[in-house]
Amino acid sequence: MNLAEEVRLAGVVGAGGGGFPTHVKLNAKAETVIANGAECEPLLHKDAVIMEESAAEVVRGMQLAIEAVGAKEGVIGIKGKKKRAVEAVAAACQGRNIRVQLLGDYYPAGDEFDLVYSVTGKLIPPGGIPLDVGVLVNNVETFVNIAAAHDGQPLTHKMLTIAGAVKSPATLKVPLGTTFRECIQHAGGLATDDPVLVIGGLMMGRHTDDLDTPVTKTSTGGVILPRTHHVIERKLKPSRAQASIGKSACDQCRYCTEYCPRYLLGYSVEPHQVMRTLAFTGTGADYYNQWAALCCACGLCTLYACPEELFPKEACDDAKAVMRAKQIKWTGPMHPKPHAMADGRHVPIQMLAKKLHVLDYDLPAPLLEEAIAPGRLILPLKQSAGTACLPKVKIGDRVSAGQVIGEPAPNALGALLHAPVAGVVNGVNAQQIILEIS
Ligand code: SF4
Ligand code: SF4
């Protein structure tokens, strides 16, 4: 059996948040394999912990991937400030065709377009993927999961950081389906009585009031902040209010564009132009929407650049949704050239944390060694890019650890879902499976 099939059977998907089924990437050919250990979201540390604790497995997974795609070398992209992680992976790379590349401490150094350019000097074509320039990129945790898949172990657990308004920020390894409420208890409990949870990080994550949301294969962390926190107040502003404020207050200063990492790499992303859609209808909006098509939703324009605290990222989200609904394709220039000021305009993580008003929460989140064994797991059937799984169990079934409980429809993009631990199915519908653990 080849590696791609082993990884498919293990249900491995991108662990950095993207969730693309990993076996599909492993069926391609590439010259370079990159492990993404940049970890740019303020307050999250799970990738650094993985590299410190499991460097040998990161490197073993990379070596397997290098052989599977026929690559010449592997590169681990990591920030120089993560000294312990750098030392651990550098030692594990000894004697292999894998090297460590230190990245600048800016946001978003881990964006695939930025990372591929930093490591190889190549720019991914507009609308393309790293494989278009011969590069395979996976998060460091994904490589650990590739190594485990090669050993016949399915993906059943997830590493994530719990940070923000909790008593003891920590990095945890939990069974898929564990609720964030349970994770928070293992991080010492809440340090606010009116919490809002941001899953996946403050810049690119999604916020929710529901602490019983389960951890999935793509959960990189949970940041808890009080509802009155500045960032939460901004995120909670209704989209109609975001748009109407933008329409009346945007003075077209261009700061959002001048700091946009995609614009600085030379791509045709200009959020200040997208902001003009707020004042146009019909053909005017269709023209200005084009400037959002290559936006990666990093959030820098909204949460850092705009001096008036408007919402250009959200305007870009809306523009992309309109383009999809109208089936309008982007038809701009195909040969980006980095901006002369690209290096000088990088946003340091510390400056970003200051702007986000989270410096007080910027604390270590060490690995919690204790095993976490919830009494109940909530397992969404959609945990990857592509389609949701179809359930393979019914209420009352007793399942064993690692048993397949959901699988994608034939020929559909997706990933198998396994029972993280042994238990009894006590709920099944099209969205999720609930397991009671005795
Ligand atoms: S930075 Fe803010 S005010 Fe300036 S153009 Fe962008 S959205 Fe408008
Ligand atoms: S979210 Fe804003 S800064 Fe980020 S890529 Fe999109 S337009 Fe650029």
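What follows draws every value from the coordinates through simple rules; no lab data is involved. These numbers were taken from a predicted model, which means no experiment stands behind them. Cβ sites come from the backbone with ideal geometry, for glycine too, and all protein chains shown count toward neighbours.
For the reader, a short list of remarks on this structure follows.
- Under 5 Å between amide hydrogens, built in the peptide plane, is the criterion, and for A170 it picks out I162 among residues at least 5 positions away or on other chains.
- For region 8-146: Kirkwood Rh in Å [reciprocal of mean 1/r, alpha carbons]: 14.6
- For the chain, the mean residue ellipticity at 222 nm estimated from helices alone is -8500 deg cm²/dmol, where every DSSP H run of n ≥ 4 contributes -39500 (n - 2.57) and the total is divided by all residues, rounded to the nearest 500.
- Taking amide H as placed 1.01 Å from N in the peptide plane, G402 has its amide H under 5 Å from the amide H of A419, V421, each at least 5 places away in sequence or on another chain.
- Computed label-point distance, nm, for sites Q252 and E233 using a 7 Å Cα→Cβ extension: 3.1
- Taking trypsin sites (Lys or Arg not before Pro) across region 381-438, the ones in a DSSP loop with at most 10 further Cβ atoms lying within 10 angstrom of their Cβ are K394.
- Cα gyration tensor category, rounded, prolate or oblate, for region 300-384 with a/c compared to 1.5: oblate
- Taking every DSSP beta bridge that has both ends in the chain, the antiparallel portion is near 60%.
- P(r) weight above 21 Å for region 174-256, C-alpha pairs, percent: 40
- When the pairs K72/K382; K247/K355; K122/K320; K82/K247; K81/K158 are compared against a 30 Å limit on Cα-Cα distance, K72/K382; K82/K247 fall above it.
- D_trans [Stokes-Einstein, Kirkwood Rh over alpha-carbon pairs] for region 106-217, 20 °C, 1.002 mPa s, µm² s⁻¹: 130
- Each Lys or Arg adds one and each Asp or Glu takes one away; over the other residues whose Cβ falls under 10 Å from the Cβ of G200, this sums to 0.
- For the residue pairs K237/K329; K79/K217; K313/K337, alpha carbon separations beyond 26 Å are given by K237/K329.
- Within region 3-29, backbone nitrogen closer than 14 Å to the virtual label 7 Å beyond the Cα of K392 toward Cβ: 6-12
- For region 375-438, the convex hull drawn through the C-alpha positions has a volume of 67 cubic angstrom per residue.
- Alpha carbon convex hull of region 239-349, volume per residue in cubic angstrom: 98
- Note: relative contact order over region 375-438, using C-alpha pairs below 8 Å and six or more positions apart, is 40 percent.
- Under-5 Å amide H pairs with Q432, H placed in peptide plane, nonlocal only: L381
- Under the Karplus curve 6.51 cos²θ - 1.76 cosθ + 1.60, θ = phi - 60°, whole-Hz ³J(HN,Hα) for region 185-201, x wherever Gly or Pro sits: 4, 6, 9, x, x, 5, 10, 8, 9, 9, x, 10, 9, 10, 8, x, x
- Kirkwood Rh (inverse of mean 1/r, distinct Cα pairs), the chain, angstrom: 22.5
- Using only alpha carbons, region 281-438 has a radius of gyration to Kirkwood radius ratio (Rg to Rh) of 1.11.
- Longest DSSP-loop-exposure-free segment, GluC sites (Glu not before Pro), the chain, at most 13 other Cβ within 10 Å: 1-307
- For S219, the shell of other residues with beta-carbons less than 10 Å away shows a net charge of +3, using +1 for Lys and Arg and -1 for Asp and Glu.
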